[in-house]
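This report concerns only the one structure given below.
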Amino acid sequence: MRKCFLYLVCVLLLVSACISERAKEDAKAGKKEVNESVAESVPKATMILWIDYDRRGTSAQGKSLLNVKAKVNIQPDGSVQVLEYVDEPSVVVESYIRKTLRRYRVKQKFLEEESVRPGVQYVYLRMLKELI
């Protein structure tokens, strides 16, 4: 009787472990499908804006970087407004971006050369992690 009970408990544990693994795999597959569909619907970023690079004045080589893809509106005077984020950043990062973009301006030289065009577009906002 005791052996039967132990075998039954072992079989139940084994079956429950298999079921939970299968549920985890299904959840991961569902997330991948959702992420793939979102990634396909968002256009490619047109440029990378270093929003805190001018303040540093030193090289960013060997530093940790953070890229946040966002839909922004670039004004003709060079100011940048974030309309929405592709992947929501943390509250700290979003606050840092908001504070930095108050001072940040796209250089007039880039606007005149038309390497940066005013208007609504997707861009990467790049910043150094150590300043956040």
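Just so it is clear, none of the values below were taken in a lab; they were calculated from the coordinates. This is a predicted model, so every value here is computed, not measured. Here Cβ is always computed from backbone atoms with ideal geometry, including for glycine, and neighbour counts include all displayed protein chains.
A few notes on this one:
- The label point for Arg117 and the one for Val92, both projected 7 Å from the Cα toward the Cβ, are 3.8 nm apart.
- For the stretch 49-132: rounded, prolate or oblate by the Cα gyration tensor [a/c cutoff 1.5]: oblate
- Summing charges over all other residues whose Cβ lies under 10 Å from the Cβ of Val116, with Lys and Arg as +1 and Asp and Glu as -1, gives 0.
- Potential extension, Ala17-Lys44 segment - 0.36 nm per residue separation minus Cα distance: 5.6 nm
- Each residue, Arg103 and Val82, gets one label point 7 Å from its Cα in the Cβ direction; the gap between the two is 1.7 nm.
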